[in-house]
Amino acid sequence: MNDRLTLARALEDGGVARAAAEHIATEIFVAIHDSTATKADLEGVKGELSSRIEGVKGELLSRIEGVKGELSSHIESVRAELSSRIDSVRAELLLRLAELEHRMTVRFGSVVVVVTGIILAAIRYLPHS
């Protein structure tokens, strides 16, 4: 119902006297006039909400960029620390391998000397034919 006259006609069609229908329609419109929103009111609220949403969206995007920057910084520091630790472990492993190589060389040399001694002793004490 667009206006008072339309409401009054509907009441009149429903069996209410014309004067009473106009009075009822007027009272209804007076009672709800300040409580109802018009299309213009809704458009204004829509514009305000859209503006607020855009503001919040901009703020969130800004915060997200800040967090991304912080995360990138943390990731780089973790990478640098891991790289340093890997280099340290690599150096320690190379040192241990060199020590192991040295020990194996000494042991092998010792075995060669002992076996050579055994062979020479055996040759000396074997009966000559």
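Overview of results
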read-out: Point-to-point label distance, Val111-Ile28, nm (Cα→Cβ direction, 7 Å offset); value: 11.0
read-out: Computed lengthening from Leu5 to Val89, 0.36 nm per intervening residue step minus Cα-Cα distance; value: 21.1 nm
read-out: Cα pair count fraction exceeding 16 Å, expressed as % - the range 37-125; value: 79
read-out: Fully extended contour minus Cα-Cα distance, from Ala40 to Arg52, at 0.36 nm per residue; value: 2.5 nm
read-out: Charge dipole magnitude, Cβ of K and R +1, D and E -1 - the range 14-54, Cα centre, debye nearest 20; value: 120
read-out: Within the chain: Cβ-based charge dipole about Cα centre, in debye rounded to nearest 20 (Lys, Arg +1; Asp, Glu -1); value: 1440
read-out: The range 61-129-the range 1-27 distance, computed between alpha-carbon centres (Å); value: 101
read-out: Of Val45, Ser62, Val115, farthest towards positive along the dipole that unit charges on Lys, Arg, Asp, Glu beta carbons give the range 19-129; value: Val115
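Computed from the coordinates by the stated procedures, all read-outs in this text should not be read as laboratory data. Everything quoted here is computed from the prediction, not taken from an experiment. Reconstructed Cβ throughout: ideal geometry from the backbone, glycine too, with neighbour counts over all protein chains shown.
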